[in-house]
1. Shape call for the stretch 121-273 from the C-alpha gyration tensor, a ≥ b ≥ c root eigenvalues: rounded (a/c under 1.5), prolate (a/b greater than b/c) or oblate?
2. Given H placed 1.01 Å from N in the peptide plane, which residues other than close sequence neighbours of Thr135 have an amide H under 5 Å from its amide H?
3. Just the number please: accessible area per residue for the stretch 46-165, 1.4 Å probe, all protein chains included, in Å².
4. Which percent, to the nearest 5, of DSSP beta bridges fully inside the chain are antiparallel?
5. Would the stretch 96-148 count as rounded, prolate or oblate if I go by the C-alpha gyration tensor, calling it rounded below 1.5 in a/c and otherwise prolate when a/b exceeds b/c, oblate otherwise?
6. State whether the stretch 277-358 is rounded, prolate or oblate according to the following rule on the C-alpha gyration tensor (a ≥ b ≥ c being the square roots of its eigenvalues): a/c under 1.5 gives rounded; otherwise a/b larger than b/c gives prolate, and the remaining case gives oblate.
7. Compute the FRET efficiency between Asp68 and Asn327 as 1/(1 + (r/R0)^6), taking r as their Cβ-Cβ distance and R0 = 25 Å, and round to the nearest 0.05.
8. Can you pull the percent of the stretch 23-169's accessible area that's carbon plus sulfur, 1.4 Å probe, other chains left in place?
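The values are calculated or read from the model by the stated rules, or taken from the named source; none is laboratory data. Treat the numbers as computed from the prediction; the structure is a model and nothing was measured. Quick reminder, even Gly has a Cβ in these numbers, built from the backbone with ideal geometry, and neighbours come from all protein chains shown. Keep in mind that these areas ignore ligands, DNA and RNA; they rest on the heavy atoms of the full protein, side chains included. Shrake-Rupley method; radii C 1.70, N 1.55, O 1.52, S 1.80 Å.
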Amino acid sequence: MKITKIELIPIELELKEPYTIAYETISKAPNVFCKIFTDENIIGIGVAAPDLEVTGESISSVIKVVADFMEPAILGQDPLRHIKILSELKAHLKLNPSAIAMLDMALFDILGKKANLPLYKILGGYREKIITSITIGILPISETLKRANEYVKSGFKAIKLKGGINVEEDVEKLRKIREKIGEEIFLRFDANQGYTVEQSLYLVEKTKSVKLELFEQPTPRKELQLLGQVTSSVHVPVMADESIMSIKDVFKLAKNDLVDTVNIKLMKVGGIAEALHINSVAKAANLEVMVGCMDEAELGIAAGLHFALARPNVDYADLDGHFDLLNDPSKGTIILEDGFLIPSGKPGLGLDASDLNL
(Lines give C-alpha, C1' and ligand atoms only; values in the text may rest on other atoms or scores of the structure.)
Protein backbone atom coordinates (compact mmCIF):
# COMPACT_ATOMS: atom_id res chain seq x y z
CA MET A 1 0.00 0.00 0.00
CA LYS A 2 1.22 3.51 -0.84
CA ILE A 3 0.18 7.01 0.19
CA THR A 4 -0.89 8.91 -2.92
CA LYS A 5 -2.23 12.22 -1.61
CA ILE A 6 -2.81 14.28 1.51
CA GLU A 7 -5.66 16.78 1.76
CA LEU A 8 -6.22 19.37 4.50
CA ILE A 9 -9.51 21.01 5.45
CA PRO A 10 -9.13 23.82 8.04
CA ILE A 11 -12.24 24.87 9.95
CA GLU A 12 -13.16 27.16 12.84
CA LEU A 13 -15.62 25.18 14.96
CA GLU A 14 -18.23 27.29 16.73
CA LEU A 15 -18.99 26.82 20.43
CA LYS A 16 -22.55 27.03 21.73
CA GLU A 17 -21.21 29.63 24.16
CA PRO A 18 -17.78 30.86 25.27
CA TYR A 19 -16.35 29.43 28.47
CA THR A 20 -13.75 30.67 30.92
CA ILE A 21 -10.86 28.94 32.68
CA ALA A 22 -8.17 30.44 34.94
CA TYR A 23 -6.01 31.91 32.16
CA GLU A 24 -8.31 32.51 29.15
CA THR A 25 -11.80 32.61 27.67
CA ILE A 26 -12.47 30.33 24.70
CA SER A 27 -15.04 31.20 22.04
CA LYS A 28 -13.93 29.18 18.98
CA ALA A 29 -12.13 25.92 18.33
CA PRO A 30 -9.72 25.89 15.37
CA ASN A 31 -9.35 22.39 13.89
CA VAL A 32 -7.63 21.03 10.77
CA PHE A 33 -8.94 17.82 9.21
CA CYS A 34 -6.59 15.64 7.20
CA LYS A 35 -7.39 12.95 4.63
CA ILE A 36 -4.62 10.58 3.61
CA PHE A 37 -5.40 8.74 0.35
CA THR A 38 -3.87 5.41 -0.63
CA ASP A 39 -3.59 3.34 -3.79
CA GLU A 40 -5.94 0.76 -2.24
CA ASN A 41 -8.75 3.32 -1.94
CA ILE A 42 -8.49 3.34 1.87
CA ILE A 43 -8.67 6.89 3.21
CA GLY A 44 -7.35 7.66 6.68
CA ILE A 45 -8.74 10.66 8.51
CA GLY A 46 -7.11 12.66 11.31
CA VAL A 47 -7.61 16.04 12.92
CA ALA A 48 -5.42 18.63 14.62
CA ALA A 49 -6.65 21.03 17.30
CA PRO A 50 -3.91 23.68 17.38
CA ASP A 51 -3.91 26.09 20.32
CA LEU A 52 -1.42 28.96 20.64
CA GLU A 53 -1.63 28.92 24.44
CA VAL A 54 -1.22 25.17 24.86
CA THR A 55 0.51 23.62 21.84
CA GLY A 56 2.01 26.79 20.37
CA GLU A 57 0.30 26.16 17.03
CA SER A 58 -2.30 27.76 14.79
CA ILE A 59 -4.23 26.63 11.73
CA SER A 60 -1.71 28.41 9.51
CA SER A 61 1.28 26.77 11.22
CA VAL A 62 -0.27 23.30 10.80
CA ILE A 63 -0.89 23.94 7.11
CA LYS A 64 2.68 25.18 6.66
CA VAL A 65 4.40 22.20 8.30
CA VAL A 66 2.27 19.81 6.27
CA ALA A 67 3.27 21.56 3.04
CA ASP A 68 6.94 22.01 3.96
CA PHE A 69 7.72 18.72 5.70
CA MET A 70 4.88 16.25 6.06
CA GLU A 71 3.56 15.91 2.52
CA PRO A 72 6.97 15.55 0.82
CA ALA A 73 8.01 12.98 3.43
CA ILE A 74 4.97 10.69 3.31
CA LEU A 75 3.97 10.59 -0.38
CA GLY A 76 4.82 7.13 -1.76
CA GLN A 77 5.33 5.68 1.72
CA ASP A 78 3.61 2.59 3.07
CA PRO A 79 1.09 3.95 5.65
CA LEU A 80 1.24 0.68 7.59
CA ARG A 81 4.86 1.51 8.48
CA HIS A 82 3.49 3.99 10.95
CA ILE A 83 6.43 4.30 13.34
CA LYS A 84 8.97 4.67 10.54
CA ILE A 85 7.02 7.60 9.11
CA LEU A 86 6.55 9.32 12.47
CA SER A 87 10.17 8.82 13.51
CA GLU A 88 11.47 10.43 10.33
CA LEU A 89 9.17 13.43 10.75
CA LYS A 90 9.43 14.14 14.48
CA ALA A 91 12.90 15.63 14.19
CA HIS A 92 11.40 18.40 12.04
CA LEU A 93 8.14 18.81 13.96
CA LYS A 94 9.15 18.99 17.62
CA LEU A 95 7.12 22.19 18.06
CA ASN A 96 4.07 20.88 16.19
CA PRO A 97 2.43 18.24 18.42
CA SER A 98 -1.14 18.58 17.11
CA ALA A 99 0.08 18.32 13.50
CA ILE A 100 1.92 15.10 14.38
CA ALA A 101 -1.19 13.88 16.25
CA MET A 102 -3.28 14.50 13.13
CA LEU A 103 -0.95 12.36 10.99
CA ASP A 104 -0.72 9.70 13.69
CA MET A 105 -4.53 9.44 13.84
CA ALA A 106 -4.89 9.18 10.07
CA LEU A 107 -2.27 6.42 9.86
CA PHE A 108 -3.89 4.47 12.70
CA ASP A 109 -7.23 4.96 10.96
CA ILE A 110 -5.81 3.38 7.79
CA LEU A 111 -4.50 0.44 9.83
CA GLY A 112 -7.92 -0.14 11.40
CA LYS A 113 -9.70 0.10 8.07
CA LYS A 114 -7.20 -2.25 6.45
CA ALA A 115 -7.75 -4.78 9.26
CA ASN A 116 -11.52 -4.08 9.28
CA LEU A 117 -11.40 -3.60 13.06
CA PRO A 118 -12.09 -0.69 15.44
CA LEU A 119 -8.75 0.72 16.53
CA TYR A 120 -9.20 0.05 20.26
CA LYS A 121 -9.29 -3.70 19.54
CA ILE A 122 -6.03 -3.51 17.61
CA LEU A 123 -4.43 -1.55 20.46
CA GLY A 124 -5.51 -4.05 23.11
CA GLY A 125 -9.27 -3.87 23.54
CA TYR A 126 -9.29 -3.91 27.34
CA ARG A 127 -12.78 -2.36 27.71
CA GLU A 128 -15.66 -1.34 25.46
CA LYS A 129 -16.75 1.90 27.15
CA ILE A 130 -15.58 4.42 29.74
CA ILE A 131 -17.15 7.13 31.91
CA THR A 132 -16.29 10.66 30.84
CA SER A 133 -16.52 13.75 32.98
CA ILE A 134 -18.34 16.85 31.73
CA THR A 135 -16.72 20.21 32.44
CA ILE A 136 -18.26 23.35 33.94
CA GLY A 137 -16.24 26.51 33.24
CA ILE A 138 -15.92 29.47 35.59
CA LEU A 139 -19.45 30.78 36.07
CA PRO A 140 -21.49 32.45 38.83
CA ILE A 141 -22.49 30.04 41.59
CA SER A 142 -26.16 29.92 40.63
CA GLU A 143 -25.36 29.04 37.02
CA THR A 144 -22.74 26.49 38.12
CA LEU A 145 -25.31 24.67 40.25
CA LYS A 146 -27.88 24.77 37.46
CA ARG A 147 -25.42 23.20 35.00
CA ALA A 148 -24.35 20.53 37.46
CA ASN A 149 -27.96 19.54 38.10
CA GLU A 150 -28.74 19.42 34.37
CA TYR A 151 -25.70 17.26 33.61
CA VAL A 152 -26.55 14.74 36.33
CA LYS A 153 -30.15 14.55 35.13
CA SER A 154 -28.93 13.86 31.59
CA GLY A 155 -26.90 10.86 32.78
CA PHE A 156 -23.38 12.11 33.44
CA LYS A 157 -21.65 10.37 36.34
CA ALA A 158 -18.61 12.66 36.68
CA ILE A 159 -18.39 16.45 36.77
CA LYS A 160 -15.22 18.52 36.50
CA LEU A 161 -15.35 22.07 37.85
CA LYS A 162 -12.96 24.74 36.57
CA GLY A 163 -11.56 27.32 38.97
CA GLY A 164 -8.27 28.87 40.03
CA ILE A 165 -9.21 32.55 40.16
CA ASN A 166 -10.97 32.88 43.54
CA VAL A 167 -10.27 30.09 46.03
CA GLU A 168 -13.04 31.08 48.44
CA GLU A 169 -15.59 31.01 45.65
CA ASP A 170 -14.22 27.68 44.41
CA VAL A 171 -14.65 26.18 47.88
CA GLU A 172 -18.23 27.41 48.06
CA LYS A 173 -19.04 26.06 44.59
CA LEU A 174 -17.64 22.63 45.35
CA ARG A 175 -19.55 22.37 48.63
CA LYS A 176 -22.82 23.45 47.05
CA ILE A 177 -22.37 21.22 44.00
CA ARG A 178 -21.88 18.22 46.27
CA GLU A 179 -25.03 19.12 48.19
CA LYS A 180 -26.91 19.48 44.91
CA ILE A 181 -25.82 16.31 43.12
CA GLY A 182 -25.45 13.90 46.02
CA GLU A 183 -22.70 11.46 46.93
CA GLU A 184 -22.83 9.09 43.95
CA ILE A 185 -21.46 11.48 41.30
CA PHE A 186 -17.68 11.79 40.87
CA LEU A 187 -16.49 15.38 41.37
CA ARG A 188 -13.18 16.64 40.00
CA PHE A 189 -11.59 20.10 40.27
CA ASP A 190 -9.19 21.81 37.85
CA ALA A 191 -7.40 25.01 38.91
CA ASN A 192 -5.60 25.39 35.55
CA GLN A 193 -2.37 26.61 37.24
CA GLY A 194 -4.22 29.39 39.10
CA TYR A 195 -3.22 28.66 42.70
CA THR A 196 -0.28 29.04 45.01
CA VAL A 197 0.67 26.09 47.20
CA GLU A 198 -1.05 27.75 50.15
CA GLN A 199 -4.29 28.24 48.22
CA SER A 200 -4.16 24.64 47.02
CA LEU A 201 -3.83 23.29 50.55
CA TYR A 202 -6.59 25.61 51.74
CA LEU A 203 -9.01 24.36 49.08
CA VAL A 204 -8.36 20.71 49.89
CA GLU A 205 -8.71 21.32 53.65
CA LYS A 206 -11.97 23.22 53.25
CA THR A 207 -13.52 20.66 50.89
CA LYS A 208 -12.81 17.43 52.79
CA SER A 209 -16.53 16.71 53.02
CA VAL A 210 -16.86 17.13 49.25
CA LYS A 211 -14.73 14.02 48.62
CA LEU A 212 -12.95 15.28 45.50
CA GLU A 213 -11.91 12.51 43.17
CA LEU A 214 -9.06 14.51 41.55
CA PHE A 215 -7.30 17.88 41.93
CA GLU A 216 -5.89 18.90 38.55
CA GLN A 217 -2.90 21.19 37.90
CA PRO A 218 -3.22 23.53 40.89
CA THR A 219 0.09 25.36 40.38
CA PRO A 220 2.02 26.91 37.41
CA ARG A 221 3.09 24.38 34.78
CA LYS A 222 6.84 25.00 34.94
CA GLU A 223 7.07 25.16 38.75
CA LEU A 224 7.20 21.41 39.24
CA GLN A 225 8.47 21.63 42.80
CA LEU A 226 5.31 23.51 43.76
CA LEU A 227 3.19 20.76 42.27
CA GLY A 228 5.19 18.28 44.30
CA GLN A 229 4.62 20.24 47.50
CA VAL A 230 0.87 20.08 46.98
CA THR A 231 0.96 16.37 46.14
CA SER A 232 2.92 15.46 49.26
CA SER A 233 0.66 17.53 51.51
CA VAL A 234 -2.90 16.52 50.56
CA HIS A 235 -5.02 13.38 50.61
CA VAL A 236 -6.71 14.07 47.26
CA PRO A 237 -4.93 12.65 44.17
CA VAL A 238 -3.12 15.49 42.37
CA MET A 239 -2.97 15.45 38.58
CA ALA A 240 -0.55 17.09 36.15
CA ASP A 241 -1.98 18.47 32.91
CA GLU A 242 -0.31 21.63 31.58
CA SER A 243 3.00 20.38 33.01
CA ILE A 244 2.96 17.51 30.49
CA MET A 245 3.97 18.04 26.88
CA SER A 246 6.24 15.04 26.34
CA ILE A 247 7.41 11.70 27.66
CA LYS A 248 10.35 13.46 29.33
CA ASP A 249 7.93 15.57 31.35
CA VAL A 250 6.11 12.49 32.63
CA PHE A 251 9.39 10.75 33.45
CA LYS A 252 10.55 13.78 35.45
CA LEU A 253 7.25 13.97 37.36
CA ALA A 254 7.32 10.24 38.07
CA LYS A 255 11.00 10.06 39.02
CA ASN A 256 10.61 12.81 41.60
CA ASP A 257 7.22 11.67 42.98
CA LEU A 258 5.64 15.01 42.11
CA VAL A 259 2.10 13.84 41.19
CA ASP A 260 -0.33 10.99 41.66
CA THR A 261 -1.98 11.14 38.25
CA VAL A 262 -1.12 12.32 34.73
CA ASN A 263 -3.48 13.71 32.09
CA ILE A 264 -2.47 12.55 28.61
CA LYS A 265 -3.82 14.69 25.77
CA LEU A 266 -3.08 13.46 22.26
CA MET A 267 -2.85 16.99 20.83
CA LYS A 268 -0.13 17.93 23.31
CA VAL A 269 2.01 14.80 23.13
CA GLY A 270 1.76 14.06 19.40
CA GLY A 271 -0.83 11.34 19.01
CA ILE A 272 -1.65 7.79 20.04
CA ALA A 273 1.77 6.22 19.40
CA GLU A 274 3.47 8.63 21.78
CA ALA A 275 0.61 8.41 24.28
CA LEU A 276 1.19 4.65 24.50
CA HIS A 277 4.84 5.26 25.48
CA ILE A 278 3.84 7.87 28.06
CA ASN A 279 1.24 5.50 29.45
CA SER A 280 3.92 2.84 29.91
CA VAL A 281 6.07 5.26 31.92
CA ALA A 282 3.06 6.09 34.08
CA LYS A 283 2.31 2.39 34.59
CA ALA A 284 5.90 1.64 35.58
CA ALA A 285 5.76 4.48 38.13
CA ASN A 286 2.37 3.35 39.47
CA LEU A 287 0.75 6.63 38.44
CA GLU A 288 -2.91 6.80 37.53
CA VAL A 289 -3.77 8.00 34.02
CA MET A 290 -6.51 10.19 32.62
CA VAL A 291 -7.04 10.68 28.90
CA GLY A 292 -8.04 14.28 28.32
CA CYS A 293 -8.69 16.51 25.34
CA MET A 294 -8.70 20.00 23.86
CA ASP A 295 -11.62 21.65 22.07
CA GLU A 296 -11.56 18.96 19.41
CA ALA A 297 -13.88 17.68 16.76
CA GLU A 298 -15.47 14.36 17.61
CA LEU A 299 -12.90 12.54 15.48
CA GLY A 300 -10.13 13.76 17.78
CA ILE A 301 -12.13 12.72 20.82
CA ALA A 302 -12.59 9.29 19.21
CA ALA A 303 -8.83 8.88 18.95
CA GLY A 304 -8.48 9.59 22.68
CA LEU A 305 -11.33 7.19 23.39
CA HIS A 306 -9.78 4.32 21.43
CA PHE A 307 -6.52 4.82 23.34
CA ALA A 308 -8.36 4.95 26.69
CA LEU A 309 -10.31 1.77 25.96
CA ALA A 310 -7.19 -0.16 25.01
CA ARG A 311 -5.22 0.10 28.26
CA PRO A 312 -6.22 -1.23 31.72
CA ASN A 313 -4.25 1.39 33.67
CA VAL A 314 -6.21 4.30 32.14
CA ASP A 315 -8.42 5.07 35.12
CA TYR A 316 -10.22 8.21 33.96
CA ALA A 317 -11.48 9.95 30.83
CA ASP A 318 -12.20 13.63 30.39
CA LEU A 319 -13.28 13.49 26.76
CA ASP A 320 -15.91 16.20 26.52
CA GLY A 321 -14.33 18.77 24.19
CA HIS A 322 -16.80 18.03 21.40
CA PHE A 323 -20.09 18.40 23.28
CA ASP A 324 -20.47 22.15 22.70
CA LEU A 325 -19.34 22.30 19.07
CA LEU A 326 -22.05 23.42 16.66
CA ASN A 327 -20.61 22.65 13.24
CA ASP A 328 -18.58 19.48 13.80
CA PRO A 329 -18.27 17.62 10.47
CA SER A 330 -17.25 14.40 12.23
CA LYS A 331 -20.31 14.16 14.47
CA GLY A 332 -21.45 10.56 14.98
CA THR A 333 -17.97 9.07 15.34
CA ILE A 334 -18.64 8.11 18.96
CA ILE A 335 -21.71 7.48 21.11
CA LEU A 336 -22.64 8.98 24.50
CA GLU A 337 -24.82 6.65 26.55
CA ASP A 338 -25.72 7.28 30.20
CA GLY A 339 -22.43 9.06 30.91
CA PHE A 340 -20.28 6.50 29.06
CA LEU A 341 -18.45 7.05 25.77
CA ILE A 342 -18.65 4.18 23.29
CA PRO A 343 -16.93 3.86 19.89
CA SER A 344 -19.10 3.68 16.79
CA GLY A 345 -18.01 0.11 16.06
CA LYS A 346 -16.81 0.97 12.57
CA PRO A 347 -13.22 0.16 11.50
CA GLY A 348 -10.37 2.46 12.43
CA LEU A 349 -11.40 5.56 14.35
CA GLY A 350 -15.03 5.00 13.36
CA LEU A 351 -15.59 7.52 10.55
CA ASP A 352 -15.86 6.84 6.84
CA ALA A 353 -14.47 9.52 4.54
CA SER A 354 -17.90 9.74 2.88
CA ASP A 355 -19.46 10.56 6.28
CA LEU A 356 -17.15 13.54 6.90
CA ASN A 357 -19.55 16.43 6.41
CA LEU A 358 -17.25 19.02 4.83
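1. Oblate shape, in that a/c is at least 1.5 and b/c is the bigger or equal ratio.
2. Counting only residues 5 or more places away or on other chains, the set is Lys160.
3. Working: 5020 Å² over 120 residues.
Per-residue accessible area for the stretch 46-165 comes out at 42 Å².
4. DSSP beta bridges in the chain are roughly 50 percent antiparallel.
5. Oblate, because a/c is 1.5 or more while a/b does not exceed b/c.
6. Verdict is prolate for the stretch 277-358.
7. So, using R0 = 25 Å, E works out to roughly 0.30.
8. 53 percent
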